[in-house]
Amino acid sequence: MGVAVLLRYTIVPDEDKMLKSMSPELRAEYERNKDKRREQHDIIMKQILENAKSDKPIWDVAPPNQERNK
């Protein structure tokens, strides 16, 4: 397990390193879409927390705006 943690820290770059290695166009696009991704994440987390309060299995709980695939 220690080897995996060591490899992760040496191989996987952090967010700052990734941003510095991107082209200026990609950085600008990343910054433009950052708020949208954060909003989507917040919506998903809100749904997860609401569904966690339910006694139903996760596959029976569908968001109200989406139909379940049967």
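So ALA62 ticks every box in (1) at pLDDT below 90; (2) surrounded by 10 or more Cβ atoms within 10 Å (Cβ to Cβ); (3) in a helix (DSSP H, G or I) but one. Which box is left unticked?
(3)
Suppose the filter is part of a loop (DSSP other than H, G, I, E, B) and at pLDDT 85 or above; does PRO13 pass it? Let's see the steps before the verdict.
Values: part of a loop (DSSP other than H, G, I, E, B): yes; at pLDDT 85 or above: yes.
Here the answer is yes, as PRO13 does meet what is asked.
The values are calculated or read from the model by the stated rules, or taken from the named source; none is laboratory data. This is a predicted model, so every value here is computed, not measured. Methodologically, a virtual Cβ is constructed for each residue, glycine included, from the backbone with ideal geometry; neighbour enumeration extends over all protein chains shown.
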